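Remarks on the structure that follows.
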Amino acid sequence: MPSDTILALRQIAKSFFGAEVLHGIDLEVVRGEVLGLVGENGAGKSTLMNILGGVWLRDRGTMELNGRPFEPANPKDAQAAGIAFIHQELSLFSNLTVAENIFIDELPTGPFWSVQYASMRSRAQEYIDTFGVQTTPGTKIASVPMGVRQTVEVTKALIKKAQIIIFDEPTTSLSQKEKENLFRIIDHLHREGGITVIYISHILEDVFSLCERIAVLRDGALVGVEQTARLTKPQVIKMMVGRDLEQIYPHGEKKIGDVVYQARGIAQGKAVQGVSMELRSGEVVGLFGLMGAGRTELVRCLFGVDKMDAGEVIFHGRKMKSISPKSCIRNGIAFVTEDRRQEGLLMSKPVKDNLVTVILDRLTQLLGMVSRSKESQESEKAIRELNIKVYDKNRQEVKSLSGGNQQKVVIGKWIMRNPSMFILDEPTRGVDVGAKHEIYVIINDMARHGATVLFVSSEMEELMGVCDRIMVIHRGKIVANFTKGEYDQERIMGFALGGEGS
Amino acid sequence: METTMTRSGSFGWIRGFALNNSILLLLVVMFAASALFVPNFLSPFNMKNLLLQSVDIMIISVGVTFVLLNGGIDFSCVAVLALGSVFGAYIMAKSPIAHTPYAIPAGILAMVSIGLLVGAVNGFSVVILKMPSFIATLATMMVGSGVAVWFTSIVSDKASIIGIPERFFALGGTRGHTLVPIIIALALVLLAHWLLSATLFGRRVFAIGTNPKASFISGMPVKRTVFLLLLVSGLCAGVQSVIATARNQAGIPSLGDRVFIDIVAAIIIGGTSVFGGSGGVIKTVYGVLFISLLNNDVNMLGIEWYVISLIKGLLVLIAAFIDVFSKRVDLIRR
């Protein structure tokens, strides 16, 4: 291996629950370079980096660090070998000080295990000066802004003598000034420290200005690695999304009616910044955005799972006075959450119990007793109509079902209520191809019967196949609206990445 | 009643049955062993004793089960025993209406109301103030116990309040009224079981105990249900306090000092999960019977107190282990 290659990945492959998410990745990282890693959500960037960082074990393939085999069994191994992973969610302790956090893994000790606070403080001060950060070693992390926290993470990595620092979406919560500061730090690491940086981001301008080479992942495969100087942004976007649209989407005659759902000025913190939309009956509307764009925050506000700071919802001509799951359900709105395991299902309970969760009150008769026969009937019906593969609905726990079937149980429990509006957040995540198709058919059927569907997804292809129109959300605002005839992958992605497609 | 199924496979159903009903098996085995090895175990006198002893914690344990089904705990139940006992005894023995026809009904009403009151306070702390039930009920327990002792010191010159009209003691099963507390306990147990297994409320309890977030998103009234659970626990403790006072024939502020361990042990050994979401009244009933059996054997055989503590502790550990094991929580994804 050439001496300037610090890290060599060969044929790295990984599967989760039988679905392969990384198909044999070959990548060589040059010592001291700043390498950009880009790709859509689900392309495999995080999986690959997690394998590098020792969080997950690869199924196949080898890794070599500095010419020697590298097989981290856990994050600590990877850290010891010199790989530092700075995640999007920083791992700092908010009740400890800057200095304590920097040295958290290597607290300098003196006699009788006493911590050498003075030496810690002065060394921390050195780094603070070098990086030009506005803080002191004794300030508690809780009172320090995001930009400083990130610098603390970087410093932590340096203390541990990291050779490779991986940044995962570092700028989503940073102000412009903090971003510039981060870039200065990365530049410093690169020039003075000879540190290799892998920079993962959706913000292509940043990737272009920081990185010497860019690697593009798509659907679990490495589409290309090229010198930044030889690439243009449109080229990179094309590499990220370009593929053939497979004909796995249902077609069918469908009438789109009047506007039934209006949301106005929905806002929540920094995540949702004034979103308005109008949805019609029979319409399947897609909401496309990348991670951090505010999609999930938006729909959670719409259903009342999280409180919105401002905004109103008008459904079937009446303004909704209080927005909560209960009031939404009563009005005929359903919500399939993004995370079915934590929020959509009662994992340890049988399929039947899960299916009737939302209609329990309708199955209740006198004295508050639930009718077991109706319970059985209704759940049987759902199992049949949605083709849920389960052998004993009364006893088989939902956690033993496949992802696709689990998702069908979630959808099933909502369908039982006959809602006139469905909000679906990533309904085909972690679902195999066959079940995905079935879910698209279900969505299409719902719309044909007059329901309104808001389909949130980070998979552009499925949105293009199923939706009548697609809204694009970026940093909490709806930035574009495409109707069926005008779908253009690159333009949609361009808006999602920010800016007018380039 | 709750059933869970473990992996399928040739002996899956046996494993499933064993795990679900291990307490029943244990109970039967224990009973048989006692009949064989403990002298006079099967005598009518001992059987009566056994039943009455189990009634001593039956109702309160069933009440606390409701709270455990939500993944919480209710320390204050024993304080309700004490508080209810002294207030009730005061009303029936020393208050202005003592020894009137109103005394006993008023006393009973007071005791049950105290249970409801404490339950409501707990409910408020947990639901509105969002305190963990551990802290909230610990606080009510400490305050409650303190108040009980202080109140007793004011109204009586002894360590307990005596002088309750004798008719009241019938509720405790004295002199030929043995069946009374047993019937009361049975009725309440059946009511509680029906509530949990057949009603909408019961379904909600299990769903919310399994996953409160998912239940909330599915439209369930989580706050209201949790509040009611604490209320039920308090109420059951209040009813138990009536029976306990009748059994002891006095208002005793130290009532319940030692039974908390037995209550929790009965619930956990019975099979209700501390994580919430699974378990039930019947399981607790078996657990209570088992603990009573254990206590009974200890008395009859003259075994030292610490031995039984050891055994109970070990059984709780085993039960908890089975609980975790059967849920097979995957913490690390590889």
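The rows are residues; the columns are (1) more than 23 Å from the chain's Cα centre (by Cα); (2) within 30 Å of A:Ala480 (Cβ to Cβ); (3) part of a helix (DSSP H, G or I); (4) within 14 Å of chain B (Cβ to nearest Cβ).
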{"residue": "A:Glu375", "(1), (2), (3), (4)": "yes, no, yes, yes"}
{"residue": "A:Glu385", "(1), (2), (3), (4)": "yes, no, yes, no"}
{"residue": "A:Asp392", "(1), (2), (3), (4)": "yes, no, no, yes"}
{"residue": "A:Leu424", "(1), (2), (3), (4)": "no, yes, no, yes"}
{"residue": "A:Asp445", "(1), (2), (3), (4)": "yes, yes, yes, no"}
{"residue": "A:Phe455", "(1), (2), (3), (4)": "no, yes, no, no"}
{"residue": "A:Glu462", "(1), (2), (3), (4)": "no, yes, yes, no"}
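The set of residues in segment A:307-345 being farther than 11 Å from B:Ser218 by Cα and in contact with a Ser or Thr (Cβ under 7 Å, 6 or more places away or on another chain) consists of A:Met320, A:Gly332, A:Glu338. Examine segment A:43-56 for a residue that is in the same structural domain as A:Arg218 (by TED's automatic domain parsing), surrounded by fewer than 18 Cβ atoms within 10 Å (Cβ to Cβ), of a type in the set (Ser, Thr, Tyr) and closer than 22 Å to A:Ile165 by Cβ, and state whether such a residue exists. Among the residues of segment A:43-56, not one is in the same structural domain as A:Arg218 (by TED's automatic domain parsing), surrounded by fewer than 18 Cβ atoms within 10 Å (Cβ to Cβ), of a type in the set (Ser, Thr, Tyr) and closer than 22 Å to A:Ile165 by Cβ, which makes the answer no. Which one is farthest from the other protein chains (Cβ to nearest Cβ), of the residues in segment A:338-347 that are assigned to a loop (DSSP other than H, G, I, E, B) and touching a residue at least 24 places away in the same chain (Cβ under 8 Å)? The residue in question is A:Glu338. Taking segment B:169-272 and the helices (runs of 4 or more DSSP H) fully enclosed by it, the elements with 1 or more residues that are within 14 Å of chain A (Cβ to nearest Cβ) and surrounded by fewer than 24 Cβ atoms within 10 Å (Cβ to Cβ) are at B:179-198, B:200-210, B:212-217, B:222-248.
Reported count of residues in segment A:477-493, each being closer than 24 Å to A:Gly44 by Cα, in contact (Cβ under 8 Å) with a residue 40 or more places away in the chain and touching a strand residue (DSSP E or B) at 6+ places or on another chain (Cβ under 9 Å), is 2.
Looking across segment A:90-109, the residues that are polar (S, T, N, Q), surrounded by fewer than 17 Cβ atoms within 10 Å (Cβ to Cβ) and either under 17 Å from A:Ala157 (Cα atoms) or touching a helix residue (DSSP H, G or I) at 6+ places or on another chain (Cβ under 9 Å) (or both) come down to A:Ser91, A:Ser94, A:Asn95.
Each row is one residue, and each column tells you yes or no for (1) within 15 Å of the chain's Cα centre (by Cα); (2) at pLDDT below 95; (3) among the basic types (Lys, Arg); (4) assigned to a helix (DSSP H, G or I).
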| site | (1), (2), (3), (4) |
| --- | --- |
| B:Val62 | yes, no, no, yes |
| B:Thr65 | yes, no, no, yes |
| B:Val80 | yes, no, no, yes |
| B:Ile91 | no, yes, no, yes |
| B:Ser95 | no, yes, no, no |
| B:His99 | no, yes, no, no |
| B:Ile104 | no, yes, no, yes |
| B:Gly107 | no, yes, no, yes |
| B:Met111 | no, no, no, yes |
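The criterion of at least 3 residues that are not aliphatic (A, V, I, L, M) is met, among strands (runs of 3 or more DSSP E) falling completely within segment A:1-107, by A:5-16, A:19-30, A:60-65. Here A:Gln268 meets the list (1) loosely packed, with under 15 Cβ neighbours inside 10 Å; (2) at pLDDT 90 or above almost entirely, failing just condition (1). For segment A:278-329, taking the residues that are in a loop (DSSP other than H, G, I, E, B) and within 14 Å of chain B (Cβ to nearest Cβ), the one that is surrounded by the fewest Cβ atoms within 10 Å (Cβ to Cβ) is identified as A:Ser322.
Of the residues making up segment A:47-76, those that are β-branched (Val, Ile, Thr), out of contact with any helix residue (DSSP H, G or I) (no Cβ under 8 Å at 6 or more places or on another chain) and within 14 Å of another protein chain (Cβ to nearest Cβ) number 2. So, of the residues in segment A:453-483 that are farther than 23 Å from A:Gln406 by Cα and of a type in the set (Val, Ile, Thr), which turns out to be surrounded by the fewest Cβ atoms within 10 Å (Cβ to Cβ)? Across segment A:453-483, the extreme among qualifying residues is A:Thr483. Scoring A:Phe335 on the criteria (1) more than 9 Å from chain B (Cβ to nearest Cβ); (2) at pLDDT 95 or above leaves a single failure, condition (1). Scanning segment A:187-208 for residues that are at pLDDT below 90, surrounded by fewer than 22 Cβ atoms within 10 Å (Cβ to Cβ) and under 25 Å from the mean Cα position of the chain (by Cα) turns up A:Ser201, A:Ile203, A:Glu205, A:Asp206.
A single entry from A:Phe131, A:Phe112 fulfils the requirement of being aromatic (Phe, Trp, Tyr) and surrounded by fewer than 12 Cβ atoms within 10 Å (Cβ to Cβ): A:Phe112.
Here is the figure for segment A:348-370: residues that are of a type in the set (Lys, Arg) and at the interface with chain B (Cβ under 8 Å from one of its Cβ atoms) total 1.
On inspection, B:Pro165 fails the criterion of being within 14 Å of another protein chain (Cβ to nearest Cβ) and surrounded by fewer than 23 Cβ atoms within 10 Å (Cβ to Cβ). Picking from residues in segment A:129-153 that are farther than 14 Å from A:Gln88 by Cβ and among the aliphatic types (A, V, I, L, M), the one that is modelled with the lowest pLDDT is A:Val133. Against the list (1) within 27 Å of the chain's Cα centre (by Cα); (2) of a type outside the set (A, V, I, L, M); (3) assigned to a helix (DSSP H, G or I), the condition A:Lys381 fails is (1). The residue list B:Ala136, B:Ala187 contains one member that is at pLDDT 95 or above and either touching a Pro at 6+ places or on another chain (Cβ under 7 Å) or closer than 21 Å to B:Val239 by Cα (or both), which is B:Ala187.
Yes/no matrix, rows are residues, columns are (1) within 14 Å of the chain's Cα centre (by Cα); (2) closer than 13 Å to B:Val67 by Cβ; (3) not small (Gly, Ala, Ser):
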{"position": "B:Gly251", "(1), (2), (3)": "no, no, no"}
{"position": "B:Ser254", "(1), (2), (3)": "no, no, no"}
{"position": "B:Ile263", "(1), (2), (3)": "yes, yes, yes"}
{"position": "B:Gly270", "(1), (2), (3)": "yes, no, no"}
{"position": "B:Ser278", "(1), (2), (3)": "no, no, no"}
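Residues checked against (1) modelled with pLDDT of 85 or more; (2) buried (at least 18 other Cβ atoms within 10 Å of the Cβ); (3) assigned by TED's automatic domain parsing to the domain that holds A:Cys301:
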{"site": "A:Ser379", "(1), (2), (3)": "yes, yes, no"}
{"site": "A:Val410", "(1), (2), (3)": "yes, yes, no"}
{"site": "A:Asp425", "(1), (2), (3)": "yes, yes, yes"}
{"site": "A:Thr428", "(1), (2), (3)": "yes, yes, yes"}
{"site": "A:Val431", "(1), (2), (3)": "no, yes, yes"}
{"site": "A:Ile439", "(1), (2), (3)": "yes, yes, yes"}
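Screening the candidates A:Ile473, A:Ile443, A:Ile439 for the property of being of a type outside the set (S, T, N, Q), in contact with a helix residue (DSSP H, G or I) (Cβ under 9 Å, 6 or more places away or on another chain) and without any contact (Cβ under 8 Å) to a residue 60 or more places away in the chain yields one hit, A:Ile439.
Does any residue of segment A:36-52 turn out to be modelled with pLDDT under 90, over 16 Å from the mean Cα position of the chain (by Cα) and within 20 Å of A:Ile159 (Cα to Cα)? Checked against the condition, which is being modelled with pLDDT under 90, over 16 Å from the mean Cα position of the chain (by Cα) and within 20 Å of A:Ile159 (Cα to Cα), segment A:36-52 yields no hits at all.
The values are calculated or read from the model by the stated rules, or taken from the named source; none is laboratory data. The shown structure was predicted, so the numbers you read here are calculated from the model rather than taken from an experiment. Counting neighbours? That spans all protein chains shown, and the Cβs are built from the backbone with ideal geometry, glycine included.
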